[in-house]
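Heads up: the structure comes next, in C-alpha cells.
Read the figures in this text as sums done on the coordinates, not as results from a lab. No experiment lies behind these values; they were computed from the predicted model shown. Using ideal geometry, Cβ is built from the backbone for each residue, glycine included, and neighbour counts are taken over all protein chains shown.
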Amino acid sequence: MNRKLSGIAAAVVFFCAAEAAGAPNPAPDVHIGDNWKFRTLDGFTNETQFEATHRVVEINDREIVIEVHNLGQDKTALRYFTREWNALDIDDGKYEPYYPEYKFPLAAGVTWTEKYTWISTAGVASSGYVAAKVSAQEKVTVPAGTFDAYRIDRDVEVRGNNEAAVVTHTHMTTWYAPAVRRFVRREWTVTRDGRVRSKSAMELVEYTLAAH
C-alpha cells in the first residue's frame, strides 16, 4: 500500500473510532425551508390531539424563526429560537435569556443547569430552573422513521414570583436526531402539589430538509 492510500485508510479508521466513541455533535446547520410535521399525543391514551408543521422562514446570526401551522385549527404563529434551538419567544410569552433545552456540542454524559425567567404576554413573570443531562445515544422509532438520537433527560421547576406562588415540576425526555436537525420525539409529565397534572408526547411524522 502506498503512502497516500495508507493515509486515507488511517483517516477512515480514525473517523469510525470517533463515531463509535460518541464524538460530540455540533449545533445544527439549519436552513430556510427546512420543514417538520409533528403530532402531539395524549400521554395516557396515546391518542393524537393535533398536528402541526414547523417551517424555518428566517435565519440570522443570532436566531432561527419558524412558522408553526396548527393543521386542525388552521392557525399560524411565529416562534423564535437561538441558533442552538433554545426557545426565545413563543406563542404566549418569552424567555429571558432563553429556555435552556440544549447545550451543544451534544455528547453522552454532558450535563447543564441554568436559570431563566418566563414572561407571559400578560406581563406575569415566573422563575424557572433546568437540570439536564444527555443520558445516552440510542435509536428511536417514530412515524417519520428510525433515527440515531441523543436522549436528553431534563427536570424543570417553575415558580411564580410572589409569596403564594404555585410551583410546577416537569420531567421531559427529548430525543434529538442530528440527521433531521431537530428532535424526533419528546415526552413530558407535569406535576404540582405532588400530583400528576398532565402527560403528553410529541413525535415527528414527516420532514423535508432544504438543500445546502
Query - For the chain, convex hull volume per residue from C-alpha positions, Å³ - result: 151 Å³
Requested in this report: Could you point to the residue in Thr121, Ser198, Val184 farthest towards the positive end of region 29-207's charge dipole, with +1 and -1 charges on the Cβ of Lys/Arg and Asp/Glu respectively?
Outcome: Ser198
Query raised in the report: Hey, what number do you get for the chain at 222 nm if only DSSP H runs of n ≥ 4 count, each worth -39500 (n - 2.57), divided across all residues, to the nearest 500?
Result: -3000 deg cm²/dmol
**Report entry** Pair Ser198, Ala136: separation of 7 Å Cα→Cβ label points (nm)
**Finding:** 2.8 nm
**Report entry** Separation in nanometres of the label points that stand 7 Å from Cα toward Cβ, at Glu157 and Thr76
**Finding:** 4.2 nm
Report summary line: Note on region 90-212: C-alpha Rg/Rh, Kirkwood Rh, two decimals, gives 1.00
Query - P(r) histogram, all alpha-carbon pairs of region 140-212 included - 5 Å bins from 0, percent - result: 4, 14, 21, 17, 13, 11, 9, 6, 4, 1, 0
**Report entry** Charged-residue dipole, Cβ positions (Lys, Arg, Asp, Glu), the chain about Cα centre, Debye nearest 20
**Finding:** 520 debye
Query raised in the report: Between the helical axis of 3-20 and the dominant principal axis of the chain, each derived from Cα atoms, what acute angle in degrees is found, rounded to the nearest 10?
Result: 30 degrees
